[in-house]
Structures are given as structure tokens and as C-alpha cells.
Amino acid sequence: VLLALQCIHPDLVLVWFSNQDDRDQDGLPCIPPLSLPLVVAVVHALTVETPQPKVEAARGKNATLNCIFRAATTSPQAGDFVSWQRVHDTEEFASKQLIGDSEYKGDNYKNRLTFSGNVNNGNVSITLTQLTTNDNGSYQCTVRLAGELPAKSVEIKLVVLVSPSKPVCTVVGKAEYGQNINLTCNSVEGFPQPQYSWQSFDAQNQSRPLGGTQFPGGTLMLKNISVDTVGYYICVSKNSIGQESCNISLAVVAPSMNFALIGGIIGGLVAVVIIVIIVAYFCCCKKSKDKDYELTETENRYQPPNVPTIIRGPSEEEIQREEEGENENHTLQMPPARRPSVESSEAVA
């Protein structure tokens, strides 16, 4: 049976194994010769670790990625350095020599990365400022010491939190009596994913039961809406670092006809009126023509009644007038005075 014994020292830890039967005369375990290389290997082991494997920080703020190394040597030597890179990336975005001030920073980090730890104490942490969502991901801290190979590394995950953006509230459906509608609420930004909740207030701004069904994603369904549904609805979009809200003022109106249906009805009525006018016009024209035709036919077919013809001679008055007229004519046509005898005889005759 092997026994593990530890001897704690401020600077190093020694571990060795011994058989239970390998004891000296005083009863203390003896260290076999084969165990010495094991002790040496443990003494010179390089360790790299982080006290915070996952770091969360808000967008626009700062975040420190802690990286601590421990080795047998207490002071840096020439050739010792630390490097930082994104996991799955082949290139380093930052590195630092543990002796001197030689540093390298990538283009995206020049103005917002600092080596914030005390290298002499084995602290090779970095601090990133003005965080963006592009900084999300896993980072790898690697320490290489000239006297202690191989190099060791540790991973740290950075999560950039984003407060919810102001949500947009909308009404989906017709806010008419008896209808079903949905109130929607959505924030374009937000990490972690925002959670949505609804509150309802009546027309007097008094809180009341919600009276609807909430669905994940910010949808509130209201069924068979009525005058009791009228009021104010507030949606709150919230995550671990912040919250925003929007509100809707809901008014329920009487059902209205569809505009297309109204247009169709009006168009149909106009068409009917036009047809009636056309029919009436043709009827009037036909009636007028029929009347003219009847008058023409009547004139063409008219035969005067058989009236007996009465033949009579001139009346006495007509004869007298005729004689008087002849006398006047004779008076106007009297011959010259040189022939009185002839005129007298004609007058007597």
C-alpha cells in the first residue's frame, strides 16, 4: 500500500510515495531512491490558472481577464513571456516580455488593452476597455518560461452583456368589439435575451388584472375585446443588467365595414342607376315613336264621311249684289261725252 505524504513549504510543495513496510528503525517512512525524480518534477512544475473562468461585463464598460502563473523560480528570466489570443484563432492579439517593457497589441486592441497585473507576482492579467459585442468569446492566456517547459495556458470566457433596447409595442388585429387581438413587444437588442412582462391599467389609470394570455417573446393575446378592455397596457423588457418599457393606449370601436366591400356596394348601386336610366330612356323613345306612327297612320287612313251634294242656285241677295256690282262697273267704264246716245241706249238695255 502506498502512502502519500506532503511537506508544505511557503514556496513549493513536495509529494512522495512510500510503501507502508518501508520504515526505518524509528518507524518513519523512508523515501525510496526511485521517488526522487518524482519529487523534482513536482517542484519544477509550471501552473497557469484563473480565479474567474467566466467574466461578464456590460457593453461599453471594462473587463479584466485574470491570469496567474506559479513556478519554482520566483523571479522572471530572459525569454519568459505571456501571450493572449482568441480561442480557435491562430494569431496572438497581445504579448508581453516578463522582463522589460516590450509589449505587442493588435490593431483592435491598441487603445483599449492594458497589462494590469504585477508580473513579479506572477500576475499577467489584461484589462479591456470600451467593450463591444465583438469581444464576446473565449480567450487563452499562455505563459512560456525559459527554464520550465512546456508552456502552460488557461481559458477565460468573456460575456458582453447588453441592456435591452427600448421595445416597440404594436397592436395586431382590429380593435373592434368582439374581436381577438394581439399586443406585441420586442427589443431589437439585449443580451442575455430579454424577458417580457405586461401590465394593464383602466381608463382611470388604476391597475387591474391583465385579462389576457402572455406568450414567450412578448405577445399578449386579448380575446373577445369589449369596453372592459379599454385602457393602458405597459410592456417591460428586462434582463440581468437593465430594462426598458413601452406602452399602448387601447380604444375599442364599433365594427366597421370593409372598405373594399363598401366600394363594391357603391359601384353596384351606381351601375344599377345607370342601367335604369338607359332602360327608361329607351322606353321613352320607343313610346314617342309609337305615338308618332299612330298619328301618321291615322292621317293616311282618314276618309271623309259621305255627305250629299246639294246644288242650289244663287240667292236673291247674291243676285242683287252681283247686279249692283255690274252697275258700278258700267258706271266706271262710261264712254266719252261725245257719244251720249250710245251710252243711254246701253244703259236702258
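The values are calculated or read from the model by the stated rules, or taken from the named source; none is laboratory data. Because the structure is predicted, anything quoted here is derived from the model rather than measured. We place every Cβ from the backbone using ideal geometry, glycine too, and count neighbours over all the protein chains shown.
Are any residues in region 43-57 surrounded by 16 or more Cβ atoms within 10 Å (Cβ to Cβ) and under 51 Å from the mean Cα position of the chain (by Cα), and if so, which ones? V48, T50, V55, A57, listed by residue number. For region 162-184, filtered to residues that are farther than 17 Å from V227 by Cβ and of a type in the set (S, T, Y), the residue that is surrounded by the fewest Cβ atoms within 10 Å (Cβ to Cβ) is T170. Candidates in region 120-145 are the residues that are more than 19 Å from A63 (Cα to Cα) and in contact (Cβ under 8 Å) with a residue 12 or more places away in the chain; of these, the one that is nearest to the chain's Cα centre (by Cα) is V143. Say we look at region 84-128 and pick out the residues that are acidic (D, E) and assigned to a loop (DSSP other than H, G, I, E, B); which of these is surrounded by the most Cβ atoms within 10 Å (Cβ to Cβ)? Top of the filtered list is D89. Residues of region 196-226 that are in contact (Cβ under 8 Å) with a residue 40 or more places away in the chain and either farther than 16 Å from C169 by Cβ or not assigned by TED's automatic domain parsing to the domain that holds Y177 (or both): K223, N224, I225, S226. Going through (1) closer than 19 Å to V159 by Cα; (2) in contact with a helix residue (DSSP H, G or I) (Cβ under 9 Å, 6 or more places away or on another chain); (3) small (G, A, S) one by one, A72 falls short only on (1). Scanning region 161-179 for residues that are in contact with a strand residue (DSSP E or B) (Cβ under 7 Å, 6 or more places away or on another chain), of a type in the set (S, T, N, Q) and more than 30 Å from N134 (Cβ to Cβ) yields a single hit, T170.
Tally up the residues in region 231-259 that are part of a loop (DSSP other than H, G, I, E, B) and surrounded by fewer than 17 Cβ atoms within 10 Å (Cβ to Cβ), please. Of the residues in region 231-259, 7 are part of a loop (DSSP other than H, G, I, E, B) and surrounded by fewer than 17 Cβ atoms within 10 Å (Cβ to Cβ). Among the residues making up region 214-239, those that are out of contact with any Ser or Thr (no Cβ under 9 Å at 6 or more places or on another chain) and under 26 Å from S165 (Cβ atoms) are F215, P216. Here D228 fulfils each of the conditions (1) part of a loop (DSSP other than H, G, I, E, B); (2) of a type in the set (D, E); (3) over 30 Å from A57 (Cα atoms) apart from (1). Would you please name the residue that is surrounded by the most Cβ atoms within 10 Å (Cβ to Cβ), looking only at residues in region 61-83 that are over 14 Å from V124 (Cα atoms) and within 40 Å of the chain's Cα centre (by Cα)? Residue satisfying both the conditions and the ranking: A63.
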